[in-house]
1. With +1 assigned to the C-beta of every Lys and Arg and -1 to the C-beta of every Asp and Glu, and no other charges, what is the dipole magnitude of the chain about the Cα centre in debye, to the nearest 20?
2. Please go through segment 271-354 and write out the chymotrypsin sites (Phe, Trp or Tyr not before Pro) that DSSP classes as loop and that have at most 15 other C-beta atoms within 10 Å.
3. Counting pairs on different chains as well as pairs 8 or more places apart, how many Lys pairs in the chain have Cα atoms under 30 Å apart?
4. Just flag the trypsin sites (Lys or Arg not before Pro) in segment 194-243 sitting in loop per DSSP whose Cβ has no more than 15 other Cβ atoms within 10 Å.
5. So, taking all protein chains as they sit and a 1.4 Å probe, how much accessible area belongs to K280, in Å² rounded to tens?
6. What number, rounded to the nearest 500 deg cm²/dmol, is the helix-based mean residue ellipticity at 222 nm of the chain, given -39500 (n - 2.57) per DSSP H run of at least four residues and division by all its residues?
7. For the charge dipole of segment 119-159, defined by +1 on Lys and Arg C-beta atoms and -1 on Asp and Glu C-beta atoms about the Cα centroid, which residue among A148, G129, T159 has the Cα displaced farthest towards the positive pole?
8. Just by accessible area at a 1.4 angstrom probe, what is the order of T110, T167 from largest to smallest?
Amino acid sequence: MSVNPNVMKGVLQRATVADIAKVAKVSTATVDRVLNRRPGVRDATAQRVLKAAAALDYLPETGLYAALAAPPMRLTFLLPDGSNRYLRMLGDTVGYSQEHLLPFNVKCRTEQFESFNPQQLAASLLRMGQRSDGIAFMALEHPAVREAVSVLAEKGVLTITLISDLTGSRRAGYVGLDNRAAGRTAGYLVGRFIGPGARSGKVALIAGSRSYSAHEEREAGFLHVIEEMFPALQVVGLREGQDDAQKNYEQTRTLLEQHPDLAGIYNIGGASDGVARALKEMGREHKVVFIGHGLTPDTRAMLIDGSMDAVITQSPQTAMMSCVRMFTNLRDKRDLMSGVDAVRSQVIFRENLP
């Protein structure tokens, strides 16, 4: 692009919007729209304006690159509120990973919705969709949630389910464990830890809610293994604690009072500290096999003091990065799973704590 020497002479006094308009052969209003990244200008015209601005030294080089760069992809992680420490860790991971995400050209934020409230989750999805290009969320199985995902898909807003999937929906992908396999693992651990006593005895399950498909699948996997490998064990039912420590405490106390011979507990969801508190208060912490999910500071402490036997977990950092990579793959027209690490479950005992 040739620049008029008379215009260049003016560069010494600092170029103006009018100078750029003259060189690019556009109006000053067009220059203003381009420099302030407002819509309504053809790409070719915008490029001409930016090149003129660079030639006139109106924009420093870094400013030019910033102007040419696509705006960051706006990603929202929509998670349930409450006392589930693993979910809090996941939200914190999103917050402190911003610098590591710069190469992906994304801007992430975390929002919360009321736990186990599908109507509020659906409303939050639609609201976040107005200011997000992609939403990763922990799904509740409900028609309202499925419909919200469909509405977002029609508007071009991508959704990825996280930890718990949404069957028959238009979500773009799922990031999380094979929950049926996780439940089978828990059943195997409970039976093997009970040992010779597995020839008889009772075991119980506590879930956050069956409205999470993840919890339903873990329950099914657990029951299948008990039936296949430890048929003498009696499962005394499933109770819902809604991932609340106080509710889990109350449910566990009730179980122990009703079944003094209880040999094992599998906490399908979060808030395992409530279960451990009841076991300790009733002097059963080293007598009842206790398996749960999510390595957090509290479950780490329970593994160390022996009130918990094993934790099935997944890395919150890996889960978050998998979501980001999947969103950017779709944005950049790559295969959904390109460069995405599979989310693998880990079984953590006191002796292999990381």
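1. Roughly 1480 debye for the chain.
2. Values: sites: F290, F327, F349; in loops: F349.
Those that pass, being in a loop and sparsely packed, are F349.
3. 15
4. Passing sites in segment 194-243 are R210.
5. 90
6. -14000 deg cm²/dmol
7. Of the options given, the answer is G129.
8. Listed by decreasing accessible area, they come as T167, T110.
The values are calculated or read from the model by the stated rules, or taken from the named source; none is laboratory data. Note that the structure is predicted; figures quoted are calculated from it, not measured. Methodologically, a virtual Cβ is constructed for each residue, glycine included, from the backbone with ideal geometry; neighbour enumeration extends over all protein chains shown. Only protein heavy atoms, including side chains, enter the accessible area calculation; ligands, DNA and RNA are left aside. Shrake-Rupley method; radii C 1.70, N 1.55, O 1.52, S 1.80 Å.
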